[in-house]
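Engineer: Quick one: the structure is below, and I'll ask about it shortly.
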Amino acid sequence: MSAADRLRERLRQATALAAGVSIPVPGDLDFLDPQRLRRSLEAPLAGAAGRVRVAGTLDRRLAFIERLDGRWAAADLSGAPHGSRAWPQWADGHLRLDDPSSWLSLATLDDHAVYRLSRPDVQLVALYHPENFPLPRFPLGISDVARAARSTLLGTVRVGDMQLGLTLPELAGQLTAQVPDMLGVSATFGQHDLMTGLLDIVYRLPQPPVVIAGGSLTARNEAMLLERYPGLLVARGGGEATIEALLAHWHGDIPLEQVPGLGYKGAARGGGLVIARRTARPVNRDTTNDLLPELDLLPATFARGGVAQLEGSRGCTNYCSFCPRGHKGLWAGAGPEQLTWMLAQMRAVFDQFPQVSRTVYMVDEEFIGRDDDAGARATAMARVIHGAGFQWESSCRVDQVTHPDRDLSWHAGRAGMWRDLMAHGLRRMLFGVESGVDTILDRFNKETTGDQNALAIRTLSALGVPTRFTYITFDQLMTLQELKASYAWQGRTDLLLRPQPNLDAMQLVHAARDDDFAARQATGRPLHTAISYMLVSMECLTSAAYTRKVQAAGLAGEARPSMGRVDARFADWRIGIASEWAQRWVDRNFALDYTLKSLEKILDGTPRHAVREARTVLKDAAYTVLGEMITAIEAAPAQWGAGAESGLSARIGAALEDDLGVLQVAMDAATRDAVLHLPAGHADTLHREYSRWQAATGWRLINAADPCGT
Ligand code: B12
Ligand code: SF4
């Protein structure tokens with residue numbers, strides 16, 4: 001029986017409605033948003049029943065409908081008996097169920113319970129610059145936080161996302177018209193201006209709400225935000241435990257110091273000194289429960305051409321020097337079982353949008369993980385996802401394919417695993433290769449070597465695994481020799497092999513190690529055609545180990561809060577000039593490339609292939625640009641001088657202008673071809689972005705590159 005059937009068939013009796021009054025039947029999507037469900041019941045029942053409250057998480061939604069005699073009908077819409085729920089402590093003595101063995105029971109709720117189910121009114125918003133990211137992704141951060149908040153049965157939660165058409169002025173209008181009790185703001189890279197714009201408005205309200213900010217960028221900018229907004233609370237990691245405890249704090253159950261994972265300004269001490277405080281990280285959280293979202297915003301995401309995202313694990317197995325781990329932490333994975341119901345719920349939403357590719361993006365930092373049974377777990381995850389009718393994409397480390405400490409049989413086991421994953425819906429896997437040059441990999445603390453990366457790429461291509469590789473081409477501490485070695489590595493034509501379906505796993509492991517075999521079976525395509533984002537420069541993220549090395553070398557500059565990073569100069573000034581022009585090149589093409597990438601995500605078959613071809617044109621052009629840059633650098637004097645700098649810059653700039661001209665001709669043909677294969681709406685999107693790209697002039701920096709590779 002579905003949740004709707006439960007409401008329809010049984011709740012009517014329990015609420016003892018007068019003859020002729022029936023329970024309205026909410027639409028399927030109403031069940032995704034508790035407040036929408038509440039409204040869809042409340043208005044039609046006016047006069048025939050009393051108040052309505054809807055609480056709990058999507059898998060265990062609870063509807064309470066007050067009868068005219070003051071008693072309540074309590075329905076667990078999952079159909080599970082009330083007694084099987086872990087009721088919060090606050091319910092003790094305030095919410096009594098007549099029949100805990102059933103999903104439907106009469107209940108007595110006192111005022112305290114009704115108040116707890118009603119307040120605080122929490123509004124969660126995800127900030128975005130949609131002009132930089134034209135197609136949305138399902139906002140997991142606020143959706144996970146919403147689920148945790150709803151699991152407490154405290155208050156109500158509304159979610160809003162600027163990717164989905166909400167603008168800052170609209171948001172400001174909403175907040176002024178109805179000040180929530182608590183505002184949760186999520187910000188990732190590039191959104192500091194939106195964050196401060198919003199907080200400036202909020203803290204000017206006569207009675208500002210409790211404001212808690214979270215997300216990847218907020219964690220980087222904690223100190224700066226607290227300095228500017230002393231009343232702000234900052235969630236410093238996964239926000240689930242934090243929001244749960246904060247709701248309890250709002251009701252006075254616990255002091256603020258007991259809310260885990262918080263940064264805030266403490267009360268002034270003696271001489272008026274305001275101190276920054278940090279509460280302990282949450283302990284022993286169950287990852288399985290933590291990483292599932294509420295789905296209120298999934299339909300709107302699809303309606304805007306966006307994609308579905310989910311996580312199967314949190315954190316990573318490594319500590320690369322450029323990747324601050326404080327916020328994301330060490331790897332912890334969920335069991336596949338928990339995903340089953342979630343995928344079924346997502347599937348029901350997908351079914352309302354038949355044009356959307358049945359693909360789920362598993363945004364794990366490291367999909368496979370670190371435990372001894374990692375391969376078996378990954379395969380089990382794939383089976384669950386595929387069993388629910390989806391293809392999927394994710395990311396993982398190269399050492400999940402080739403590991404110098406492991407023997408051949410381990411590698412053969414892994415080859416088998418990759419085949420299994422492909423048989424169970426793996427559509428593409430992203431590997432953060434980042435370099436093929438050992439000295440660079442050491443500096444990045446990648447814990448991999450160039451040979452290992454090369455072998456992994458051969459193995460993956462021979463297996464036929466669809467891949468994406470990320471590569472940091474420029475880093476501030478690199479030498480010209482390293483840059484040239486990187487260029488050569490990116491141009492290697494002996495790494496991308498033809499798929500070898502006829503070799504068994506062990507034969508394939510041997511073959512990938514055999515240079516003669518590789519020479520015979522190479523596709524001849526240079527590696528750079530498989531690199532997701534060409535010409536990427538290292539971003540010195542705040543509090544990353546690499547950033548500290550740059551600071552120690554005296555190369556660090558100003559902080560850039562919007563991107564959570566610090567500016568940095570290059571040890572070799574010539575590479576610095578090349579990197580800056582490379583960034584201009586990337587930014588000039590960013591919106592078009594991002595649009596193609598996003599379309600590729602939501603399409604299948606020929607249209608997807610056509611879009612991919614168009615992206616390859618961009619990649620080829622970028623490799624040419626890199627080669628020209630190196631030639632220009634070699635022609636410039638190693639010793640810095642103002643004249644030498646402007647000369648090199650002018651030479652590279654002129655080369656880029658020429659290259660752009662060539663690219664525009666090639667893109668024109670590629671886009672025409674892609675548009676022919678696209679459904680109308682998507683063709684319009686591509687056409688719009690392509691026209692913008694064509695019309696653009698100058699070499700503006702937009703700070704929107706995304707080599708995190710998703
Ligand atoms: C999707 C994604 C993107 C998308 C985002 C666009 C979109 N529309 O969603 C795109 C592709 C644009 C992107 C870009 C970048 N990304 Co990115 N991205 C991701 C990815 C894969 C998933 C994000 C996600 O949904 N996570 C899952 C949710 C649940 O996590 P979350 O958002 O952090 O939310 C949790 C907490 O932060 C907190 N929280 C969040 N909001 C709130 C709000 C409140 C009120 C509270 C209480 C708590 C809270 O609670 C949540 C639940 O635990 C992550 C990897 C990852 N697994 O996180 C990388 C990741 C966040 N990206 C990263 C980076 C570096 C970038 C770039 C800066 C790369 C670059 N150098 O250009 C760019 C930024 C470009 C730009 N101008 O914005 C890094 C951050 C590094 C770090 N350790 O902090 C990550 C972790 C990947 C990695 N390991 O390298 N990214
Ligand atoms: S860059 Fe990737 S592999 Fe390295 S620590 Fe970050 S998530 Fe892990």
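Engineer: Above 19 Å lies some portion of the pair distances; for segment 91-160, what is it as a whole percent of all C-alpha pairs?
Structural biologist: In whole percent, the long-distance tail amounts to 53.
Engineer: Okay, moving on. Among ALA107, LEU135, LEU117, which residue has its Cα positioned farthest towards the positive end of the charge dipole of segment 100-152, with +1 placed on the Cβ of Lys and Arg, -1 on the Cβ of Asp and Glu, and the dipole taken about the Cα centre?
Structural biologist: Final value for the positive-end residue is LEU135.
Engineer: Taking every DSSP beta bridge that has both residues in segment 386-523, what percent is antiparallel when rounded to the nearest 5? The partial results should precede the final answer.
Structural biologist: Numbers: 1 of 10 bridges.
Rounded to the nearest five, the antiparallel share is 10 percent.
Engineer: Hey, with R₀ at 25 Å, roughly what FRET efficiency would ASP684 and VAL662 work out to, going by the Cβ-Cβ distance, to 0.05?
Structural biologist: Once the sixth-power term is evaluated, E becomes 0.40.
Engineer: Obtain the nm distance between the two label points defined at HIS251 and THR108 by a simple spin-label model: each point lies 7 Å from its Cα along the Cα-to-C-beta direction.
Structural biologist: Going from the HIS251 label point to the THR108 one covers 1.9 nm.
Engineer: Let me ask something else. Taking just the alpha carbons, could you work out the radius of gyration and Dmax for segment 428-469, both in angstroms?
Structural biologist: Cα radius of gyration and Dmax of segment 428-469 are 10.6, 31 Å respectively.
Engineer: Continuing with this model, one more query. Which whole number in µm²/s is D for the chain by Stokes-Einstein, with the Kirkwood Rh taken over Cα pairs at 4 °C and 1.567 mPa s?
Structural biologist: Numbers: Rh = 27.5 Å.
In µm²/s, the coefficient is 47.
Engineer: Taking only the Cα atoms of segment 124-240, how large is their convex hull per residue, in Å³?
Structural biologist: Numbers: hull volume 11.4 nm³, N = 117.
Cα convex hull per residue, to the nearest whole number: 97 Å³.
Engineer: Give the whole-number value, in cubic angstrom per residue, of the convex hull volume spanned by the C-alpha atoms of segment 558-710.
Structural biologist: Values: hull volume 18.5 nm³, N = 153.
Roughly 121 Å³ of hull volume per residue.
Engineer: Would you mind checking the tilt of helix 605-635 against the longest principal axis of the Cα atoms of the chain, expressed as 0 to 90 degrees and rounded to 10?
Structural biologist: Between helix and principal axis, roughly 50 degrees.
Engineer: Output the Cα-based Rg and Dmax of segment 189-261 in Å, rounding Rg to one decimal and Dmax to a whole number.
Structural biologist: 12.5, 36
Engineer: Counting each pair of different Cα atoms once, what's the Kirkwood radius of segment 425-531 in Å, rounded to one decimal? Write down the numbers at each step before the final one.
Structural biologist: Numbers: mean 1/r = 0.0702 Å⁻¹.
Computed over Cα pairs of segment 425-531, the Kirkwood hydrodynamic radius comes out at 14.2 Å.
Engineer: Can you work out the FRET efficiency for the pair HIS609 and ASP181, with r the C-beta to C-beta distance and R0 = 45 Å, to the nearest 0.05?
Structural biologist: Details: r = 50 Å, r/R0 = 1.12.
Approximately 0.35, to the nearest 0.05.
Engineer: Next up: If the only charges are +1 at each Lys and Arg Cβ and -1 at each Asp and Glu Cβ, what is the size of the charge dipole of segment 103-144 around the Cα centre, to the nearest 20 debye?
Structural biologist: For this selection, approximately 80 debye.
Engineer: How big is segment 504-623 by the Kirkwood estimate over distinct Cα pairs, in Å?
Structural biologist: The Cα-based Kirkwood calculation yields 17.7 Å.
Engineer: Something else now. Considering the convex hull of the alpha carbon atoms of segment 559-603, report its projected area averaged over all viewing directions, in nm², one decimal.
Structural biologist: One quarter of the hull surface, i.e. the mean projection, equals 4.3 nm².
Engineer: Computed over the Cα atoms, what is the radius of gyration of segment 317-380 divided by 2.2 N^0.38 Å, N being its residue count?
Structural biologist: Expressed relative to 2.2 N^0.38 Å, the Cα Rg reads 1.43.
Engineer: Between 0 and 90 degrees, rounded to the nearest ten: what's the tilt of helix 408-423 against the longest Cα principal axis of the chain?
Structural biologist: Its long axis makes an angle of about 60 degrees.
Engineer: I've got another one for you. 5 Å is the cut-off here: which amide hydrogens, built 1.01 Å from N in the peptide plane, fall below it relative to ASN445, excluding neighbours closer than 5 in sequence?
Structural biologist: Amide H neighbours of ASN445, under 5 Å, 5+ apart: SER321.
Engineer: May I pose another question? Applying the Karplus parametrisation 6.51 cos²θ - 1.76 cosθ + 1.60 with θ = phi - 60° to the phi angles of segment 203-208, what ³J(HN,Hα) value in whole Hz is obtained for each residue in order, glycine and proline being reported as x?
Structural biologist: My calculation for segment 203-208 gives 6, 8, 5, x, 10, x Hz in order.
Engineer: Enter the angle in degrees (range 0 to 90, nearest 10) between the Cα long axis of helix 374-387 and the first principal axis of the Cα atoms of the chain, meaning the one along which they spread out most.
Structural biologist: 60
Engineer: Let me ask another. Work out the length of the dipole vector of the chain about its Cα centre, built from +1 on the beta-carbon of each Lys and Arg and -1 on the beta-carbon of each Asp and Glu, and round it to the nearest 20 debye.
Structural biologist: Working: 75 positive and 81 negative charges, 164 e Å.
In total the dipole reaches around 780 debye.
Engineer: Could you pull out every residue, at least 5 positions away or on a different chain, whose amide H is within less than 5 Å of the one on VAL185? Hs are placed 1.01 Å off N in the peptide plane, and Pro or chain starts have none.
Structural biologist: The answer is VAL125, ILE212, ALA213, GLY214.
Engineer: Can you give the Rg and Dmax of segment 531-583 based on its C-alpha atoms, in angstrom?
Structural biologist: 11.3, 31
Engineer: Write down the Å³ per residue value for the convex hull defined by the alpha carbon atoms of segment 353-472. Please list the in-between numbers first.
Structural biologist: Numbers: hull volume 12.8 nm³, N = 120.
In segment 353-472, the Cα hull volume divided by residue count equals 107 Å³.
Engineer: Bin by bin, in steps of 5 Å, what percent of the Cα pairs in segment 500-553 do you find, going until the bin that has the longest distance?
Structural biologist: Calculated P(r), rounded to whole percents: 4, 14, 13, 12, 11, 10, 9, 12, 12, 4, 0.
Taken together, the values in this text are just the output of simple stated rules run on the coordinates, not laboratory data. Since we're looking at a predicted model, the values are computed, not measured. Here the Cβ is made from the backbone with ideal geometry for all residues, glycine too, and neighbour counts use every protein chain on show.
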